[in-house]
Amino acid sequence: MSEIGQQVKNARRVSTPLVAINTHDPAATIKAVCAAIDSGNDAMEPAKVQWDFVRGFTGLNARGEAWSKDHSGAENSCYVALWLAMQLEPGSILFIHQANLWLSEPGVIQAAWNLRDAFKADQRMVTFLAKCLILPAELSDDITTFEEPLPTETELAEIVARQHNNAEVKLDPAVQAKAVEALRGLSAFAAEQATALSLKSRAKGLDLNDCWERKRLQIEQTPGLKVFRGGETFEQIGGCDVIKQFVSRVVQGKARPNAVVFVDEIEKMLGGRGDTSGVSQDQLGAILTYMQDHNAAGMIFIGPPGAAKSAIAKAAGNEAGIPTVQLDLGACKGSLVGQSEQQLRAALKVVDAVSNGRSLWIATCNAIADLPPELRRRFTLGTFFFDLPSAEERAAIWDLYVEKYFPEGTRAGYPMLEARDNLVNSDGWTGAEIRQCCDIAWRLGCTLQEAAEFVVPVSRSAADKLEALRSQADGRFLSASHPGVYQRKKVNPTATGRQISLDE
């Protein structure tokens, strides 16, 4: 007997009248519940009925079919379905599909509440099904909620084995283990489909890359989630040696995460005082609760735009061979407040399933003063400041991007590519601006020196903001490029009025 089937059976035994089940596969959930409460004598079983907006009432056993036929002419609305449910015989069970779409309507709320005492008296039950259901305040004390978990690793292994057996393909245990990792976070039905479609032939067996891609597509069906597909690693990012070494040790360490959760410019969504709708405040509370309940570790990257904050975060997953899932809090917001709450919680459930409860959170930020202190405390692995790259780091970045845009053997039409700081004064440039210069030179077929004339570095266009960031980080945050706490270069005047930069 399945776990959800046992839970509903126990609830039915003590006459629980109203039940809500958060499930990724309503059909499988209904099947599991019906199997759990089945007595083995269909003729004597009370009616089992389901309702959806397209088909109306449909029976799940003999008495359920008879009852549904008698009520087939009724108006097809959830309000009417719950009103007619009062006519079900004792012991019956009614399943309502897509309940999250209906339980915000006043008539449905009242109709559901009206069933509570009558159904409690004779063991009838209404079960509301949805992927992510947030109960209205009027029913929060009256409906018992259950969560159907996604398949365990053992169940996923069984699914992979069954699909191989159906296709008459020999299963390598090593491939099975990798397939389970690729399918983690999918529902049983989605895992079956992904496995079946990734079985190319008897000779080739299971295509794991295809399996991963189908999982990515499935994850991205959740509003606010996107899986980073780039193959960049830390070797392809110049500078920032300290943070690269630190993140590498974290993702390969004793508490190895199963997924990286990347939140870009987090202060724009969760900073300040929130909004008048209360959605941002709710998102903040949901993330705080999730990180605390799951003991999720995290780090915050702060610095000027183009300083490799996002690049490091996106490449972190590739360093450990795990997915990097970008959480876009803006995309989680819907047109209705309740919809926004549901979509964020659905996204967090997918993150939890994909990571099996072990995720590493990385947030980038351009103005950390706007972040609430309670949120900063959740990122227990520290706050790292990304300053402009040093001359040595710039040289490494130049080498990376020149090689990327002008690999050996293709440089005949691009003169003077050996130029670095001797021809292009890139002092104060970020890595993104060096890349921009190489990109312009490639597009125009010109020298790097000429391309540099079209680059305005952030150190010039936003000098005040950069200095404010440096002052804020001085002695407070860790350095992404040098061991220990970040210390800015201060300028002290001499007796002759000359300014000398001192590294403190």
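The values are calculated or read from the model by the stated rules, or taken from the named source; none is laboratory data. In this text the structure is predicted, and so the values were computed from the model without any measurement. So basically every Cβ, Gly included, is an ideal-geometry build from the backbone, and we count neighbours across all protein chains shown. Surface areas here come from the heavy atoms of the whole protein model, side chains and all, with no ligands, DNA or RNA. Shrake-Rupley method; radii C 1.70, N 1.55, O 1.52, S 1.80 Å.
Annotations
- The order of the peptides 25-33, 426-434, 125-133, 224-232 by mean Cβ neighbours within 10 Å, most packed first, is 125-133, 426-434, 25-33, 224-232.
- A cut-off of 5 Å between modelled amide H atoms, ignoring neighbours fewer than 5 places along the same chain, links K226 with Q326, D328.
- Placing R0 at 41 angstrom, the Cβ-Cβ distance between K9 and R249 gives a FRET efficiency of 0.30 after rounding to 0.05.
- Note, ³J(HN,Hα) from phi for the range 396-407, Karplus 6.51, -1.76, 1.60, rounded to Hz, x at Gly and Pro: 5, 5, 4, 4, 5, 7, 5, 5, 5, 7, 9, x
- 3J(HN,Hα) from dihedral phi, the range 126-139, Karplus parametrisation 6.51/-1.76/1.60, rounded to Hz, x for glycine, proline: 10, 10, 8, 10, 6, 5, 8, 10, 9, 6, x, 4, 5, 10
- Among 236-242, 179-185, the order from most to least packed when residues are scored by Cβ within 10 Å on average: 179-185, 236-242
- Cα-based convex hull volume of the range 58-101 per residue, rounded to whole Å³: 77
- √(5λ) per eigenvalue of the Cα gyration tensor, the range 1-130, largest first, Å: 20, 17, 15
- If the chain linking N356 and D464 were pulled fully straight, counting 0.36 nm for each residue of separation and taking away their Cα-Cα distance, it would gain 34.5 nm.
- The stretch between L288 and T380 holds 31.9 nm of extra length on full extension. This uses 0.36 nm per residue minus the Cα-Cα distance.
- Taking all protein chains together and rolling a 1.4 Å probe, L400 ends up with roughly 60 Å² accessible.
- Projected over every direction and averaged, the convex hull enclosing the alpha-carbon atoms of the chain yields 31.1 nm².
- The range 140-151 - phi-based ³J(HN,Hα) in whole Hz, Karplus 6.51/-1.76/1.60, Gly and Pro as x: 4, 8, 10, 10, 8, 9, 10, 10, 8, x, 5, x
- Using the 1.4 Å probe convention, the accessible area of the range 31-96 works out to 50 Å² per residue with neighbouring protein chains retained.
- Under 5 Å between amide hydrogens, built in the peptide plane, is the criterion, and for A297 it picks out S359, W361 among residues at least 5 positions away or on other chains.
- Element breakdown for the chain at a 1.4 angstrom probe: carbon and sulfur atoms account for 50% of the accessible area.
- Viscosity 0.890 mPa s, 25 °C: Kirkwood-radius Stokes-Einstein D of the range 358-400 over Cα pairs, µm²/s: 188
- Per residue, the solvent-accessible area of the range 107-230 (1.4 Å probe, heavy atoms of protein chains only, all protein chains present) comes to 51 Å².
- Under the simplified labelling scheme, the V54-K170 pair shows an inter-label distance of 4.3 nm, with each label point 7 Å from Cα along Cα→Cβ.
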